[in-house]
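What follows is a set of notes on a single structure, which appears directly below.
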Amino acid sequence: MTRRSPEFTHENLLRELTPQVLGAVIRRFGDFSAAEDGVQEALLAAALQWPKEGLPENPRGWLIQVAARRVTDHLRSESARRRRETVATTDPSQSALPASIGVPSLAGFLSREEEDDTLVLLFMCCHPSLTSSSAVALTLRAVGGLTTAEIARAFLVPESTMAQRISRAKQTIKSSGVPFSMPTRDERAERLTAVLHVLYLIFNEGYTSSFGKSLQRTELSSEAIRLGRALHQLLPDESEVAGLLALMLLTDARRPARTGPDGELIPLDKQDRSLWDQRAITEGVALISTTLANGAIGPYQLQAAIAAVHDEAKTSGDTDWPQILALYGLLKRMSDNPMVALNHAIAAGMVHGPRAGLELLKTLDADERLAGHYRIDAVRAHLLERAGDLDAAVEHYRAAANRTTSIPERDYLLTQAARLSRRA
Amino acid sequence: MKFMLMMNAPSGNGDWGISKWAPEDLKAHIGFMKTFTSGLAESGELVGAEGLAMPAQAKLVRASKDRRPITDGVFPESKEFLAGYWIVDVDSPDRAYQIAAEASAAPGKGGAPLNMPIEVREVMSAPPVEV
């Protein structure tokens, strides 16, 4: 299991403190980029010193002090360079500060301002002026406290590329003049949607890569869940935040059953359900049940509810497809995403038979956003197979295999085509 | 999403024809390629890039019955050759096409854009989340 254990480690503590410390330093200096660099240096100093010298009495205060000093040094040397003056550099060994600086904090309790800092930081890193890949990278580094090297490994790009991406993102934020403050009331809903989107992208990146050797990357799912939990704690009344957290838990619970011994893809109806993570399912189901009962319903909650119906079925035959169909019906009304319509057709096929599903697919053929997408062929192939039209099913499995950009998916689709054509 | 951008050039006399360019044209072309690639590095999109030796150096290899390498001789001249490639990590296919178009317009003879074909292929990835 890659789920982060709650036990105390220096690393866990540092990662938890990162956004609070960064928030405080940005608040003091107003320079996101310089603050971020300073905090990274402070984290490094802590990782080196704490295991040797023991935990300072107030770790958060310690980090803020060290980071603030680094930022001051940096700003000073920057302005010195600009003035073309030679100034003796400050002794870098100065980072060994006395352990008890600042006000002692109560472990586990954050002041309102500290909570806000984490939240403001998250809003900032997911700002709409950033491309989604930049927002993802910046969030993982500034809020998640991952190093650039770790993020680069997770996304399978060179470290220098990731460093550039992060530095460009910081530059974009700086030049767009986004203030370090909560979004206004008018902006809030839209900005929160952007934050949730970034968290879900991080989750998907990790979840979909749980194939083969890239174990590093599955950490991303755990990280997205960790950030989702933190966000849910900060905004317990936002039902879509709870919905996303539940969706991630309920999806991640199935991860151990998703692949076979050779990394091959195992579809939901063929998975060994005893491998599903029951603890995550219990938590996710409880969360989505309370949320649906109380808040305004949104797309993440509906997807979580669908995932919950799957996760609660003891066998694939026990799946409550009428309920899933009803939930997709609601989701379809709420979102214009053609993938939702596609899943709605699958559910209709399960409830009313394959021909009903195929009828619904016809209306999707006209949707340009799905044109040439492998999933429409894959779904059609599956429905045709169930309808007994094996030749046509083979043809569509092959068409889907030609179009997918995923290796395990291609292997799965080719295997389906091969299985049917041998029989046909 | 990652894409491989492959720059195909006609083999010419085993040298893509560039040996007949004027020195200033060559210089402009090489300068363009350098700037172009470092621009991709700076935007945080570059995963990797290599230029390949000229086709005069190329060999086709296959295994003989005893698995020893057999190399074929010179290639037919008309064949297009992979001159080099970039792998980029971008947010959308459109961005990959845009980058490819920039590479395609690299300056050639007399500084005129080459408009060479760039083959854009998506790199295979993991399957998406099932719902």
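The values are calculated or read from the model by the stated rules, or taken from the named source; none is laboratory data. Values in this document were obtained by computation on a predicted structure and should not be read as measured data. Cβ placement follows ideal geometry from the backbone for every residue including glycine, while neighbour counts extend to all protein chains displayed.
So, in the stretch A:153-175, of the ones that are at pLDDT below 90 and within 10 Å of chain B (Cβ to nearest Cβ), which residue ends up farthest from A:Leu220 (Cα to Cα)?
A:Val157
From the residues in the stretch A:131-152 that are more than 7 Å from every other protein chain (Cβ to nearest Cβ) and part of a loop (DSSP other than H, G, I, E, B), which one is surrounded by the fewest Cβ atoms within 10 Å (Cβ to Cβ)?
A:Thr147
Pull up the stretch B:78-98, narrow it to residues that are more than 14 Å from chain A (Cβ to nearest Cβ) and closer than 17 Å to B:Met6 by Cα, then point me to the one that is modelled with the lowest pLDDT.
Of everything passing the filter in the stretch B:78-98, B:Lys79 is modelled with the lowest pLDDT.
Within the bounds of the stretch B:9-21, is there any residue that is more than 18 Å from B:Ala112 (Cβ to Cβ), within 14 Å of chain A (Cβ to nearest Cβ) and surrounded by 15 or more Cβ atoms within 10 Å (Cβ to Cβ)?
No, the conditions are met nowhere in the stretch B:9-21.
Here are the criteria: (1) surrounded by 16 or more Cβ atoms within 10 Å (Cβ to Cβ); (2) part of a strand (DSSP E or B); (3) touching a residue at least 40 places away in the same chain (Cβ under 8 Å). Tell me which single one B:Leu82 does not satisfy.
Every condition holds for B:Leu82 apart from (1).
Which of the residues belonging to the stretch B:14-50 are outside any helix (DSSP H, G or I) and at pLDDT 90 or above?
B:Ser43, B:Gly44, B:Glu45, B:Leu46, B:Val47, B:Gly48, B:Ala49, B:Glu50
Is there a residue being surrounded by 19 or more Cβ atoms within 10 Å (Cβ to Cβ), under 24 Å from A:Ile266 (Cβ atoms), of a type in the set (Gly, Ala, Ser) and at pLDDT 95 or above anywhere in the stretch A:400-413?
The answer is no, given that none of the residues of the stretch A:400-413 is surrounded by 19 or more Cβ atoms within 10 Å (Cβ to Cβ), under 24 Å from A:Ile266 (Cβ atoms), of a type in the set (Gly, Ala, Ser) and at pLDDT 95 or above.
Sort out for me the helices (runs of 4 or more DSSP H) sitting completely within the stretch A:322-424 that have 1 or more residues that are within 14 Å of chain B (Cβ to nearest Cβ).
A:338-352, A:374-387, A:390-403, A:407-423
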